[in-house]
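A.B. asks: There's a structure below that I have some questions on.
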Amino acid sequence: MTDIIVAPATAPGRAALAVVRLSGPGTAALVQALAGALPLPRRASLRRLSHCNAALDQGLVLWMPGPASYTGEDMAELQLHGGPGVVGIVLEAAFALGARLAEPGEFTRRAFANGKLDLTQAEAVADLVEAETAAQARQALDQLGGALSRRYEAWRATLVEILAFLEAAIDFPDEDLPADVAAQAGPAIDGLLAQLDAALNDAMRGRRVREGLRVALIGAPNAGKSSLLNALVGRRASIVAAAPGTTRDVIEQPMVLAGYQVLLADTAGLRESEEEIEAEGVRRARAWAEEADLRVLVVDGSADDHAWVEARLEARPGDLCLINKSDLSEGDDARAADGWAAIVGLDVLRSAVGRSGADPVRAWLEARTIGLMAGSDFPSATRLRHQERLSDARDRLMSASAALQVGAELAAEDVRLAARALERVAGKVAADEVLGLVFSSFCIGK
């Protein structure tokens, strides 16, 4: 990291302002070449920017010498007029003076490498940039503030204490120590196991907040799934037609409910089909429903053909059975679905989506979203990577608990491996491919 990196930190296109960031050794000389002199640290100064006697722009220059900067290196920000032409000629001048274009996430990766952030905080930066709801922003801000890191560090400190008991029993067997010194690690291991179990149980909530709650609309062909999706999102996102089987693929639409991100999916009607395209649509519908957090089973309440029976196989307790077309004469399917839903634990609503809208369904979805997304104040794991490392640490601790019955040596090794798993979450022990995967998802300039 001996070179100077530069990138626009604002989105491309016309705007009132654009920000160009620079970082790395030599940034001071580059800014002096463009602006004539360095401003006072961390004070915006209006300067005329030029290169090779050609004017580039007039804007604000911020000089942030390291290590008291975002990356820990010498940094500068140029606040320019927002025309693409202005940004382009300033970048060209920076390239001519020895800078290169930053790779995606390179500013934050340098901050991580220089100890300004750990890996969970770096991931929170990306999450905050991509946040579309208040809940996503709050979760990312908590993680950026170190809430997740502090919890993992507290667990690691507990593991160090446990290891001290075990190593005392291993290394000093002839000293005047209590006979049960190794056994004293048992309650601490059990207590930490309980906390890790709670964290893993809560991990899905954190991922749901970050990625969005997945809701699948399932049912037989022509039950009203597409009409329901259109009513919920407030526009004709899905084609509605009288012919059964109009929807052949999964139609996904994001929406916000109760301040949380939700991904709503209209799926193909579930029925046996010999037609190749429709059969593939049914397969995709079943796969999406299987992975969804919630399912709304839409039943044509005016029908008597029991077509809904095929779709009910995808429903789970806690889902919703929506008996649709309640403005028409009630058929046998409405009564059968109502009784079945009560037995297996589905909530039941009756509605005429095509006429009265989807307000009852929206209200049910909002209540269920709050129940699934809102939770304890525990800083949730937000990525599958976190969840895997937590699971690894839990498994190692379970092995350590069992090994205590045999001897302290095996238990101590499992405790060391559990601590190593937690260190990997924060990036204290991280392979280059893991770092590459994390930072490649960032935008250029961050």
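The values are calculated or read from the model by the stated rules, or taken from the named source; none is laboratory data. What you see is a predicted model, and the numbers here were worked out from it, not measured in a lab. Every residue, glycine as well, gets a Cβ built from its backbone with ideal geometry; the counts of neighbours run over all protein chains shown.
A.B. asks: Do we find a residue being modelled with pLDDT under 90, crowded, with 17+ Cβ neighbours inside 10 Å and assigned to a loop (DSSP other than H, G, I, E, B) anywhere in region 157-168?
C.D. replies: Checked region 157-168: no residue is modelled with pLDDT under 90, crowded, with 17+ Cβ neighbours inside 10 Å and assigned to a loop (DSSP other than H, G, I, E, B).
A.B. asks: Does residue 280 qualify as being in the same structural domain as residue 362 (by TED's automatic domain parsing) and more than 21 Å from residue 371 (Cα to Cα)?
C.D. replies: Yes: the conditions hold for residue 280.
A.B. asks: What residue, among those in region 355-389 that are over 30 Å from residue 128 (Cβ atoms) and surrounded by fewer than 17 Cβ atoms within 10 Å (Cβ to Cβ), is modelled with the lowest pLDDT?
C.D. replies: 355
A.B. asks: A further question on this structure: Considering only residues that are under 27 Å from residue 140 (Cα atoms) and free of Cβ contacts under 8 Å to residues at least 24 places away in the same chain, which ones fall in region 252-299?
C.D. replies: Matches in region 252-299: 252, 255.
A.B. asks: Checking the structure you have, find out if any residue of region 150-168 is touching an Asp or Glu at 6+ places or on another chain (Cβ under 9 Å), farther than 16 Å from residue 397 by Cα, in contact (Cβ under 8 Å) with a residue 24 or more places away in the chain and of a type outside the set (Asp, Glu).
C.D. replies: no
A.B. asks: If you don't mind, there's one more thing I want to ask. Helices (runs of 4 or more DSSP H) wholly in region 269-370 with at least 1 residues that are within 33 Å of the chain's Cα centre (by Cα) and not hydrophobic (A, V, I, L, M, F, W, C) - which ones?
C.D. replies: 276-291
A.B. asks: Looking at the structure I just gave you, is residue 415 under 18 Å from residue 184 (Cβ atoms) and either outside the structural domain of residue 189 (by TED's automatic domain parsing) or within 33 Å of the chain's Cα centre (by Cα) (or both)?
C.D. replies: yes
A.B. asks: Got a sec? Which strands (runs of 3 or more DSSP E) wholly within region 1-100 have at least 3 residues that are over 33 Å from the mean Cα position of the chain (by Cα)?
C.D. replies: 45-51, 54-64
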